[in-house]
Every structure is written in C-alpha cells, then in structure tokens.
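Each remark here refers to the structure printed beneath this line.
The values are calculated or read from the model by the stated rules, or taken from the named source; none is laboratory data. Predicted model, so just to flag it, every value in this text is computed and none were measured. No Cβ is skipped: glycine too gets one built from the backbone with ideal geometry, and neighbour counts run over all protein chains shown. The area values use the complete protein model at the heavy-atom level, side chains included, leaving out ligands, DNA and RNA. Shrake-Rupley method; radii C 1.70, N 1.55, O 1.52, S 1.80 Å.
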Amino acid sequence: MGAIGVFDSGYGGLTILDSIRSRMPQYDYIYLGDNARAPYGTRSFDIVYEFTLQAVKKLFSLGCPLVILGCNTASAKALRTIQQQYLPTNAPDRRVLGVIRPTAEVVGQISNTHHIGVLATEGTIKSNSYTLEIEKLHPGYTVIGQACPMWVPLVENNEFDKPGADYFVKDSIEKLLSQDPLIDTIILGCTHYPLLLGKIKQYLPQGITLIPQGQYIASSLEDYLHRHTEMRLRLSCGGTCKYYTSESPDKFHASASLFLKSDIIAERICMV
C-alpha cells in the first residue's frame, strides 16, 4: 500500500494536487517539487527526461505505486519515454501518468469552432505535445500554441496579481488570438497559470472558454482508478499528504502558500 505521488519542477503542480485531493480526499499523497532546479520550461528534452526520471524514482522509493507528472513540461518531454522505455523493464508494476492527454480529451466537449489555443511554457509549445495529442483524439482540429515565457516568473515571484503582470498577460493573449481569430477554447498548458486567471479573464474576449487543468486531471484520475481496480487497491487511504522539495523547506513553505492557501511543512530531499 502506498501514496499517490505528484511531481512538478516547481510549485504549479500544487494546483493539480489540490484539485485531486478535493475530489479524492481519502487517499494518501506525496508531493515532490524539484524547486532547486526549476524551471524546466527552457531546458532540453534530455535534461528534462533525466530530472523527471530522478523524481519518479524518488517517489517510487517513497512507496508510491502511481505517480502523476503535475507538470506540462515533464509530461511533454519525459512521460512517453518513461512509460515506454523505463517502466517495462525497471518498474513494470508502477504507473506514471501526465497532464496533457486528460486536458486534450476535454476540448472535444467544449469547442464549437474546433480551433484550440494553447498558452504554455516555451518547452511545452516547442514539443508540439498538445498539437499531436489533440490531432490524435480530435482529427481535423486546429491547434495554435503561444509561449508565455514571463508567466511562470510572475507567479513564482508573487507578481501575478500586480499591475506589472498586465502587459505580459495581454501581450501573450493578443499574440495567440492574432494567429487564429476562430479560436474559441484556450488551454492553460502550465499548472502555474491558474493563479493568473484574474488577469487572463480581464484581457480575454467574450465567447472564449478557458481550460485550467486541475479539475480535468482530477476527474481523469478518478476515472482511471475506477477502471484499474488493481491499482486502486494498492493505494493507502489515510487522507494524509507529505511534501518534499529539493530546495529550502522554508522557501517552499513561503511560496507554496500562494498555491494552497494553507500552511504546510515540507522536508528537503536529495534528487540523486
């Protein structure tokens, strides 16, 4: 019996963890943030894979039979390789899931024009992961991506609700919509971005639906566990949550409170 592991390079995955715990509070959870090496968004595929695999191994060593990559960059650059090359040989009884496919699945229920926008980090946009996943699930859909390099720093430096954020939020939205005026659905393809929702909505034209990921990831995971009884039975149900960081626990505590609105105690952990 073990906890559900949730990993992110930084703090954004806490929005995913919060949604999952709200929907399924009965399980035990372990959150691991590689905050000392964040952000992952501009790093190469090889480095993101190396760092993400280290985190997955760490969560496995802490007893997690199931790990959620609550990070779009890790899901885009590392998930498939971990699933196809690492798990079958090294951990065939463990599972690692990401955040891109569950998000891509829901656009078919939401979009009327079949023109989808994606706001994300540079790494996620360059990976084309959302484009490939949406085209696979919804053939014929048009997907336009726009990198938002300043959005994560705005959140992690607690500037997301300050006047200085307005320019960067407005600029990225205008750049996205100028590429395709038929976009009626926008995926927030980074788990930090829900903290910018107030600003985003301020500059978003009427008639466009935003998709923050948390609720859809939680719903998808609940469905996954219903369909995979063997995994569900391996999860412990104590309603607890532990937090680990590769950074200073004090720094993690201060920043994490922005995402969870509650006090938490984290332990420092070595990633290698």
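Within the option set 69, 53, 59, being aliphatic (A, V, I, L, M), under 17 Å from the mean Cα position of the chain (by Cα) and within 21 Å of residue 238 (Cα to Cα) holds for one residue only, 59. Of all residues in the range 50-103, those satisfying the criterion of being more than 22 Å from residue 119 (Cβ to Cβ), in a helix (DSSP H, G or I) and open to solvent by 60 Å² or more (accessible area, probe 1.4 Å) are 50, 57, 61, 80, 83, 84, 85, 88, 89, 90. Within the range 18-41, track down each residue that is in contact with a Gly (Cβ under 8 Å, 6 or more places away or on another chain), part of a loop (DSSP other than H, G, I, E, B) and either open to solvent by less than 10 Å² (accessible area, probe 1.4 Å) or under 24 Å from residue 148 (Cα atoms) (or both). Scanning the range 18-41 gives 34, 38, 39, 40, 41.
For beta carbons closer than 9 Å, sequence separation of 6+ or different chains, a first residue in the range 55-68 that is under 13 Å from residue 243 (Cα atoms) and at pLDDT below 95 and a second that is open to solvent by less than 30 Å² (accessible area, probe 1.4 Å) and not in a strand (DSSP E or B), there are no qualifying pairs.
Whether a residue is among the β-branched types (Val, Ile, Thr), open to solvent by 10 Å² or more (accessible area, probe 1.4 Å), under 23 Å from residue 189 (Cα atoms) and part of a helix (DSSP H, G or I) was assessed, and residue 15 passes this test. Does the range 242-259 contain any residue that is without any contact (Cβ under 8 Å) to a residue 40 or more places away in the chain and closer than 25 Å to residue 102 by Cα? Looking for residues that are without any contact (Cβ under 8 Å) to a residue 40 or more places away in the chain and closer than 25 Å to residue 102 by Cα, one finds none in the range 242-259, hence no. Among the residues making up the range 114-152, those that are over 23 Å from residue 199 (Cα atoms), open to solvent by 60 Å² or more (accessible area, probe 1.4 Å) and assigned to a loop (DSSP other than H, G, I, E, B) are 114, 128, 139, 140. Residue count for the range 134-187 under the criterion of being touching a strand residue (DSSP E or B) at 6+ places or on another chain (Cβ under 9 Å) and not aliphatic (A, V, I, L, M): the result is 15. Taken over the range 216-272, residues that are of a type in the set (S, T, N, Q), modelled with pLDDT under 95 and surrounded by 18 or more Cβ atoms within 10 Å (Cβ to Cβ) amount to 1.
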